[in-house]
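Asks: Input: one structure, supplied below.
Derivation of every value follows stated rules applied to the coordinates shown; laboratory data play no part. Values in this document were obtained by computation on a predicted structure and should not be read as measured data. Glycine also receives a Cβ, built like all others from the backbone with ideal geometry; neighbour counts cover every protein chain displayed.
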Amino acid sequence: MPVSDVVEATGHLIDSGHLSAIFDKVIELDASYEVLRFDIGRTNDDESRIHLRLTCRTAEELADLLKQLTTYGCHLLVERDAVLRPAEKDRCVPDDFYSTTNHRTQVRVEGRWLDVGAQRMDAVILVSDGAAACRKLRDVRGGEMVVCGHEGIRVLPESRERDRLGFAFMSNDVSSERRVEATVGRVAAMMQEVRKAGGRIAVVAGPVVVHTGGVEAFSTLIRNGYVQAVLAGNALAVHDIEYALSGTSLGIDLRTGAPADQGHRNHMAAINSINRAGGIRQAVERGVLTSGVMYECVTHGVDFVLAGSIRDDGPLPDTLMDLVEAQDRYAEALQGVQMVLMLSSMLHSIGVGNMLPSWVRVVCVDINPAVVTKLGDRGSMQTVGVVTDVGLFLHHLARKLDQPA
């Protein structure tokens, strides 16, 4: 016999595209729906509400459908407590564990809805002492209570309202056919708004920032208080320091664009200088390093985390080669950020995107539109893209933000 249940969804369902996504998913899974109630919001601030009766051939198919619709904000109309099961052992949970999205989430425990803390995608939800929080699978310990199934879970997606929290200007902005100056002005206004409210801005940056001549502009942003954390890899720091010490990046003189004599050794010489000093901070304190992005970070107390990879030269003493430690340090630095600026680093940008809740504003600047597309495909739907040369972008941005925050 067919089985049915009734779900509810609220929010800016039409503007966000969630309504059509819900219907598409029902049809895709060969189920049927009946609209029992549909109230459409009449103003920009009004939310819409829909009640749907969903019918599937088996209870298993209905459970699968309900689980997939949770992502779009659907939850059972008749409230039930979340199913909690103990983790079997460290790093191992029941097969029907609930895998989180980056949207605000609530779970119902003993008749009360609890806000889930430390929201991020690709985690499990643990409930303990009347509180719920996301936890990476590797950090789960045996016996901890894990939310399973789909009951007692509410997901509250960040709806794309008509003003989209100030992002409306950048809708579908993954294009190189836009005036960079106009886009930069909007980004600068958002950064000023965040800092005026006391918010934190993190920058994810790749070595292209140095190669394209963006060091001075990036340094200006740090000096003026528009950067509270820098997340990068070994390469950004190495080439930034190479430029500070030798005026080259990967052996290319950035003033002339020509290879420097014996320039191929400059990045290794930069690593050697930092090794001799004992680290980046020590190099600044001893006067070895007197300019550049890393110098400004140390001088102005900006937290920086360098995550290493197998291709790194050196690496620098400050680079974290333990990947789990680097991920944890990234997540720690991202606590409480309101905006993230991603500058030409696909690997680190995707990694950071996986750590962010969906209400954090994300602007990704890259000459390659595929980077922004990949971020969206991996779940960071709040990301908006600016397709341009990152050095040019930074120069325009620094001119807009030439006064202290």
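Asks: For region 34-48, just list the computed ³J(HN,Hα) in residue order, Karplus coefficients 6.51, -1.76 and 1.60, θ = phi - 60°, integers in Hz, with x standing in for Gly and Pro.
Replies: 9, 7, 8, 7, 8, 10, 9, x, 9, 10, 4, 8, 6, 8, 9
Asks: Sticking with this one: With +1 assigned to the C-beta of every Lys and Arg and -1 to the C-beta of every Asp and Glu, and no other charges, what is the dipole magnitude of region 1-78 about the Cα centre in debye, to the nearest 20? Spell out each step's value before the answer.
Replies: Values: 7 positive and 14 negative charges, 28 e Å.
Taking the Cα centre of region 1-78 as origin, the dipole is about 140 debye.
Asks: Cα axis of helix 346-355 to longest principal axis of the chain: angle in degrees, 0 to 90, nearest 10?
Replies: Between the helix axis and the principal axis of the chain, the angle is about 40 degrees.
Asks: Extension gain Arg49-Arg141, at 0.36 nm per residue separation less the Cα-Cα distance, in nm?
Replies: Numbers: separation 92, 0.36 × 92 = 33.12 nm, distance 3.91 nm.
Stretched fully, the Arg49-Arg141 segment lengthens by 29.2 nm.
Asks: How about region 42-78: which trypsin sites (Lys or Arg not before Pro) there lie in a loop by DSSP and see at most 14 other Cβ atoms within 10 Å?
Replies: Numbers: sites: Arg42, Arg49, Arg53, Arg57, Lys67; in loops: Arg42, Arg57.
Within region 42-78, the qualifying trypsin sites (Lys or Arg not before Pro) (loop, at most 14 other Cβ atoms within 10 Å) are Arg42, Arg57.
Asks: Would you look at the GNM of the chain, springs on alpha carbons closer than 10 Å, and say which of Ile222, Ile22, Ile201 moves the most?
Replies: Looking only at Ile222, Ile22, Ile201, the biggest GNM fluctuation is shown by Ile22.
Asks: By the scheme Lys and Arg +1, Asp and Glu -1, what is the net charge of all other residues having a beta-carbon under 14 Å from that of Leu52? Working shown, then result.
Replies: Working: positive: Lys25, Arg37, Arg49, Arg53; negative: Asp5, Glu8, Asp24, Glu34, Asp39.
Taking every Cβ under 14 Å from that of Leu52, the sum is -1.
Asks: Let me ask you something else. Of Ile40, Leu65, Ala405, which is farthest on the positive side of the dipole of the chain, counting Cα position, with +1 on Lys and Arg Cβ, -1 on Asp and Glu Cβ, and the Cα centre as origin?
Replies: Farthest towards the positive end: Ala405.
Asks: Trypsin sites (Lys or Arg not before Pro) within region 310-403: which are DSSP loop residues with at most 10 other Cβ atoms inside 10 Å?
Replies: Details: sites: Arg311, Arg329, Arg361, Lys374, Arg378, Arg399, Lys400; in loops: Arg311, Arg378.
Filter output for region 310-403: Arg311.
Asks: Ok, one more. Full extension from Asp24 to Gln68: what is 0.36 nm times the residue separation minus their Cα-Cα distance, to one decimal in nm?
Replies: Net length gain for the segment: 14.7 nm.
Asks: Most mobile of Ala59, Ala260, Ala270 per a Gaussian network model of the chain (Cα springs, under 10 Å)?
Replies: With Cα springs under 10 Å in the chain, the top fluctuation among Ala59, Ala260, Ala270 is at Ala59.
Asks: Do you know the relative contact order of the chain, to the nearest whole percent, from alpha carbon pairs under 8 angstrom that are 6+ apart?
Replies: Values: 847 pairs, mean separation 63.9, N = 405.
Relative contact order, the chain: 16 percent.
Asks: Also: Kindly put Val3, Val337 in sequence by how many other C-beta atoms sit within 10 Å of each C-beta, fewest to most. Spell out each step's value before the answer.
Replies: On the way: Val3 14, Val337 21.
So the residues, fewest neighbours to most, are Val3, Val337.
Asks: May I pose another question? Fewest Cβ neighbours within 10 Å first, please rank Thr101, Thr43, Thr71, Thr290 accordingly. Walk me through the numbers before you get to the answer.
Replies: Numbers: Thr101 21, Thr43 7, Thr71 17, Thr290 11.
By the 10 Å Cβ count, ascending: Thr43, Thr290, Thr71, Thr101.
Asks: Sort Asp377, Asp366 by Cβ crowding within 10 Å, fewest neighbours at the top.
Replies: By the 10 Å Cβ count, ascending, the order reads Asp377, Asp366.
Asks: Among Ala269, Ala182, Ala307, which one shows the highest mean-square fluctuation when the chain is modelled as a Gaussian network with alpha-carbon springs under 10 Å?
Replies: Maximum among the listed residues: Ala182.
Asks: So what are the ³J(HN,Hα) numbers for region 94-105, from phi and the Karplus equation (6.51, -1.76, 1.60; θ = phi - 60°), rounded to whole Hz, Gly and Pro as x?
Replies: Karplus values, whole Hz, x for Gly and Pro: x, 4, 9, 4, 8, 9, 6, 9, 8, 8, 3, 9.
Asks: Shifting gears a bit: Once phi is turned into ³J(HN,Hα) by the Karplus curve 6.51 cos²θ - 1.76 cosθ + 1.60 with θ = phi - 60°, what whole-Hz value does each residue of region 121-131 show in order, with x for glycine and proline?
Replies: 7, 6, 10, 10, 10, 9, 10, 7, 6, x, 9
Asks: Mind checking which lysines have their C-alpha under 20 Å from Lys89, skipping anything on the same chain fewer than 8 residues away?
Replies: Output for Lys89: Lys136.
Asks: For Lys67, give me every one of the aspartates and glutamates with a C-alpha distance below 16 angstrom, ignoring sequence neighbours fewer than eight places off in its own chain.
Replies: Asp5, Glu8, Asp24, Glu28, Asp30, Glu79, Asp81, Asp95, Asp96, Asp122, Glu151
Asks: Let me ask you something else. Just the number, please: percent antiparallel of the DSSP beta bridges in the chain, rounded to the nearest 5. Mind dumping the intermediate values first?
Replies: Numbers: 42 of 70 bridges.
Once the DSSP bridges in the chain are tallied, antiparallel ones form about 60 percent.
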